[in-house]
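To start, the structure under review is shown below, and the notes come after it.
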Amino acid sequence: GENVEQHPSTLSVQEGDSAVIKCTYSDSASNYFPWYKQELGKGPQLIIDIRSNVGEKKDQRIAVTLNKTAKHFSLHITETQPEDSAVYFCASSGAGSYQLTFGKGTKLSVIP
Amino acid sequence: GAGVSQSPSNKVTEKGKDVELRCDPISGHTALYWYRQSLGQGLEFLIYFQGNSAPDKSGLPSDRFSAERTGGSVSTLTIQRTQQEDSAVYLCASSLRLAGNEQFFGPGTRLTVL
């Protein structure tokens, strides 16, 4: 089955700096790659997603890039703010599949 | 509109007891998923419901775990004869359609087995 590796497990950045989280996946048939943000005591919330027919997608300070050849995708957060502090999860699913396979998460701390 | 709701938010039980966890998906969402999140870990898929089709139970860790979805809406996850290793946050999600669609998560139920 699909395996998703996520790095780093923890990340600390100064407010205003950029943060990058990387994931690799094993199944070349995977075609949907969402990113979730989970704040303490809450369920994960989708923040951005990308499909395999697109290489990059942006939404304000957040962007995701996908390299299908290398089977990796990354989350980029620019101009980080303290409220960006949370655990971020990447995930993937394959063609015709409903099941998401999640990475183990990255705890992001933005230092004011 | 209302999001996915789960109850209870916290549940403490003694080893060997049965527990029931409830999920109310977003109205109109035909797909419903249960996940387990252990401390510091990612989300582990447990079970999936889609409409009136037979559920995919492939992620259930043992036969002590079962789930049902009544009337295509509310779902209940039951854990029988709970063990300490069952302690985790149990998350429910729902989505509008099948593959590649955004899953909306509830706040989870934190289960502690003493």
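The values are calculated or read from the model by the stated rules, or taken from the named source; none is laboratory data. In this text, all values refer to a predicted model and were calculated from it rather than measured experimentally. Neighbour counts are summed over all protein chains in view; Cβ atoms, including those assigned to glycine, are modelled from backbone coordinates with ideal geometry. Only protein heavy atoms, including side chains, enter the accessible area calculation; ligands, DNA and RNA are left aside. Shrake-Rupley method; radii C 1.70, N 1.55, O 1.52, S 1.80 Å.
Tabulated data
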quantity: Lys pairs under 19 Å by Cα in the protein assembly as shown, provided they are eight or more residues apart or on distinct chains; calculated: 18
quantity: Relative contact order, percent, chain A [alpha-carbon distance under 8 Å, six or more residues apart]; calculated: 37 percent
quantity: Carbon/sulfur fraction of accessible area - the protein assembly as shown, other protein chains in place, 1.4 Å, %; calculated: 46 percent
quantity: Label-point separation, A:Glu79 to B:Arg81 (7 Å along Cα→Cβ), nm; calculated: 5.8 nm
quantity: Bins of 5 Å, starting at 0 and running to the largest distance - Cα pair percent for chain A; calculated: 2, 13, 24, 25, 19, 10, 5, 1, 0
quantity: Debye intensity ratio in log₁₀ form over the Cα atoms of chain B, taken at each q of 0.09 Å⁻¹; calculated: -0.21
quantity: Convex hull volume of the protein assembly as shown per residue (C-alpha atoms, cubic angstrom); calculated: 124 Å³
quantity: Euclidean distance of C-alpha centroids, the range A:36-63 and the range B:53-105, integer Å; calculated: 23 Å
